[in-house]
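Peer 1: Dropping the structure in here first, questions after.
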Amino acid sequence: MDVLKPLKEPSIVDVALELSKVKGVEGVNITVNEVDVETLSLTVIVEGDDIDFEEVKRVLDGVGAAIHSIDQVVAGDRMVEAPCKTG
């Protein structure tokens, strides 16, 4: 997910810890892509089975973050790999 979070607290560590408590979430990865005067542009990856996405949104809303886009979703009984893009 592309997420925009205010620069102020909580830290991305705290956000990751809160997201890791959501039902179905087995792992969280947050990467800072850009820092602005008042905001952080983040890539947030949550992995697990049967993730409660409404709860993920609630956690992000609770820290003042907004989901800009969801870039990838994998569902079903097997992993479906996206084709590689070539130059």
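The values are calculated or read from the model by the stated rules, or taken from the named source; none is laboratory data. Everything numeric in this text was worked out from a predicted model, so none of it was measured. Using ideal geometry, Cβ is built from the backbone for each residue, glycine included, and neighbour counts are taken over all protein chains shown.
Peer 1: Which one of VAL22, VAL63, VAL37 is among the β-branched types (Val, Ile, Thr), over 12 Å from MET1 (Cβ atoms) and touching a residue at least 40 places away in the same chain (Cβ under 8 Å)?
Peer 2: Criteria check complete, one pass: VAL63.
Peer 1: Go through segment 25-39 and count every residue that is modelled with pLDDT of 95 or more and either surrounded by 14 or more Cβ atoms within 10 Å (Cβ to Cβ) or assigned to a helix (DSSP H, G or I) (or both).
Peer 2: 3
Peer 1: Take the residues in segment 41-67 that are more than 13 Å from the chain's Cα centre (by Cα) and not in a helix (DSSP H, G or I); name whichever of them is farthest from ARG78 (Cα to Cα). First the steps, then the outcome.
Peer 2: Taking segment 41-67 first, the residues more than 13 Å from the chain's Cα centre (by Cα) are 49-50, 62, 64.
Add one more test, that the residue is not in a helix (DSSP H, G or I), and what stays is 49-50, 64.
Working: ASP49: 12, ASP50: 14, GLY64: 34 Å.
Only one residue tops the list, namely GLY64.
Peer 1: Okay, moving on. Which number in (1) in contact with a strand residue (DSSP E or B) (Cβ under 9 Å, 6 or more places away or on another chain); (2) within 14 Å of MET1 (Cα to Cα); (3) among the hydrophobic types (A, V, I, L, M, F, W, C) marks the one condition that VAL73 misses?
Peer 2: So the condition that VAL73 fails would be (1).
Peer 1: Here's something else I'd like to know. Of the conditions (1) in contact with a strand residue (DSSP E or B) (Cβ under 6 Å, 6 or more places away or on another chain); (2) at pLDDT 95 or above, LEU17 clears all except one; give me its number.
Peer 2: (1)
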